[in-house]
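Colleague: The following block contains the structure, expressed as structure tokens.
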Amino acid sequence: MSVYSVTVYPSSTTIKTGAWYYGAYAVVNACSNCCRDVEWYSDTPNVATVNPIMGYIYGMNPGTAKIYARSKIDSSKKDYITVTVTSGSICVECVQLNKTSISLEKGDCFTLTATVCPTNATNKAIHWRSTNESVATVSGGVVTAKASGETYIYAEATDGSGVYGSCYVRVTENILVSSVTVDPPEKTMVVGETYCLREVVCPPNATDPRVVWESSNNCVVTVNPASGMVYAQGVGQAVVTATPLDGGADPGECLLTVNPPIAVTCVQVSPTSLTMNVGDTETLFETVFPANATNKQVIWRSSNENVAHVNAFTGVVVANMAGEATITATTVDGGYTASCTVTVKIERVTIQKDGPFNKVIFESSGKVWLCINHDLIFDEDNRNNSILKERSDRNIYTHYSEEWPPMHDTTPKEYTDDEIKLLYAIDPYGVADYVKRYADKEFYDKNGLASTLAYKDRIFRLFFGRDPKYYVRTLDGVWDETTDTSVLSRVVSESEELFGLHPVYDLTTLVDFICAAVDIGCILFGSIIQSNIIPLEEKQKEIIKKIVKIVVRIVSTGEAVVRNDLASFAGDSLLEDSIENTNLEWAYNIVSFSGSLAQLANSIVATPNYHEEILNYCAYDTGYDVFIELENGTKHQIDDICEAINN
């Protein structure tokens, strides 16, 4: 490795004091793999200096100097350029202002500063002027706002070079933003994370407090220009600024540092096992490790939705039926899993005698339903019976006092759909009374007939698995099925036959009332007014009177007692399905508490209206373990009763 020669070009040059010369360069003649780097130096630095790497020459004082370039590996190989420095003035090359645009309120002042380049210019004096002094004036760089409008402030070099700097000035009568800060001023994030920065604008009463957001590096952080919502795009640092739109203040800044994402390493679920009753709701909780993992989201799944359903995002578990299911939480990051074994058991229900009542006790919730052994329904003869009244009140009110007169609150007792279905199988007329009173209290008094019918129809669908039919009366009193429910006061829902009917106001009712009024008039005033002035057939009159009588009974009766009366007017089999399914006198015997299992089975079978399918429903399909406590204190499940009957 050897350097043969170094040659500097050009061989000479002349520059002025304070000036730079960038044209010198060196050519190194050397072998192919040899280093060709050179270093520059001056033999007379007080005349001319040189950048040792780049070879840029600067004139210090008048005189002559040799500027050498020599090989870095062989200092004997060198050459030089002769530089002659002459005296002379150094002109201004540029003028820079500290602001290129400002916004001022009328009467405000702002100081502009000018920087002259080069720093050794012979004449660095500046002349200031405004293009519109009616808007703003300038003196020594101090700008004074006079009136609304726009102008330019110029800072001009006075050495004849023609160089200047300028600043756009807007003067307004609005209250301008005086400062903007960003909260927080610094923030550390990980890739993929989002965060909303917040600007703090002063004064609070600024006319236009809006800001525009901007990122210095969109590869690291992007920002919504209107909201300040930032998204960590990549590893690195970026400055996000909030600049006031009115131009009244400098931008606020936040330094954002973005680190690589922190991966999930495992997940745990609490609890790891859970026992629930049918209808219960529980919440499972996940713990993701490490605690500062970037994405801690999990997705929940059930191995058997029929047994236990879980919300995929919240971990809320609902027990649907007896059995076992595994609830698994899977992390979105990494797919780590943890699980909880959910065992759904059947809730226990006990029927036992208590004085004049028979209690249906839901053991887990503590709810108690009261039945009566024999007379389960209100009618015109026993509607004031205190036992019936107490049963009805205790079943509808959450709190009931033993004092006389009995005191209770206004909060209705709530039953789940499964509970009410079981109770309907055991005590249909008691449930009918409950549904009617609940509907009147929670819906009719608050939201009117439409809400009441919607509730009764829902319960009907719950019991029978189909929508109830609706019926309307013709003028001759025949009830026809209809799909027109636009005027609810004129129609009757099939659900109301079970849960109490509303007053029917139709043409039939009107005609009957008119007939009644005419007949009363005839009685009071003899034959002056005759009821036959209304041209109706005798048969129609009788039908109308009978229906009006039914309507009056509906208005004044507690539980519906007009089932057979109303059904007798049906042109088709009006409400027959409902009537059949609610005539469950076998339920009387279930709650009469025989002395033994055999006696109870025999009494049930002997009941004329015994429905085997309803008994089987209570035994096998309710989701409850139903026990009967007999007179001797022994308890038997209803499925035991079914087996005793079959044997």
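Colleague: Can you pull the percent of Cα pairs in the range 188-347 with separation above 28 Å?
Modeller: I get 48 percent for the Cα pairs in the range 188-347 exceeding 28 Å.
Colleague: Just the number please: accessible area per residue for the range 145-218, 1.4 Å probe, all protein chains included, in Å².
Modeller: Spelled out: the 1.4 Å probe surface of the range 145-218, per residue, equals 53 Å².
Colleague: If R0 is 41 Å, what FRET efficiency do you get for Thr287 and Asn632 from their C-beta distance, rounded to 0.05?
Modeller: 0.20
Colleague: Say a paramagnetic label sat at a point 7 Å from the Cα of Glu93, along Cα to Cβ; which residues of the range 139-171 have their backbone N under 12 Å from it?
Modeller: none
Colleague: With the cut-off at 1.5 for a/c, could you classify the range 1-105 from its C-alpha gyration tensor as rounded, prolate or oblate?
Modeller: It is oblate, given that a/c is not under 1.5 and a/b is not larger than b/c.
Colleague: Still on this structure, please answer the following. Could you compute how much accessible surface Leu449 exposes when probed at 1.4 Å, giving the result in Å² to the nearest 10?
Modeller: For Leu449, solvent-accessible area is about 40 Å².
Colleague: Over all alpha-carbon pairs in the range 111-267, figure out the percentage whose distance exceeds 22 Å.
Modeller: 58 percent
Colleague: Take the eigenvalues of the Cα gyration tensor for the range 68-179, scale each by 5, and report the square roots as semi-axes in whole Å, largest first.
Modeller: They are 46, 17, 9 Å, listed largest first.
Colleague: Can I ask one more? At a 1.4 Å probe, what is the % contribution of carbon and sulfur to the accessible area of the range 247-332?
Modeller: It is 52 percent, rounded to a whole number.
Colleague: Here is a further query. Can I get the semi-axes of the range 153-201's equivalent ellipsoid? Compute them from the C-alpha gyration tensor as square roots of 5 times the eigenvalues, in angstrom, largest first.
Modeller: For the range 153-201, the semi-axes come out at 41, 20, 8 Å.
Colleague: Quick check: pseudo-label points 7 Å beyond the Cα along Cα→Cβ at Asp418 and Lys353, how many nm apart are they?
Modeller: Between Asp418 and Lys353, the label points sit 3.0 nm apart.
Colleague: Give me the percent of accessible area attributable to carbon and sulfur for the range 112-231, probe 1.4 angstrom.
Modeller: Using a 1.4 Å probe with all protein chains present, the range 112-231 comes out at 50 percent carbon and sulfur.
Colleague: Further, regarding this structure: What number results when the radius of gyration of the range 235-297, computed over Cα atoms, is divided by 2.2 N^0.38 Å?
Modeller: Here the answer is 2.11, to two decimals.
Colleague: What do the square roots of 5 times the Cα gyration tensor eigenvalues come to for the range 133-172, in whole Å, largest first, as semi-axes of the equivalent ellipsoid?
Modeller: 22, 10, 7
The values are calculated or read from the model by the stated rules, or taken from the named source; none is laboratory data. Bear in mind the structure is a predicted one, so any value in this text is a computation, not a measurement. As a convention, Cβ positions derive from the backbone with ideal geometry for all residues, glycine included, and neighbour counts pool all protein chains shown. Each accessible area value is taken on the protein alone, full model and side chains, heavy atoms only, with ligands, DNA and RNA left out. Shrake-Rupley method; radii C 1.70, N 1.55, O 1.52, S 1.80 Å.
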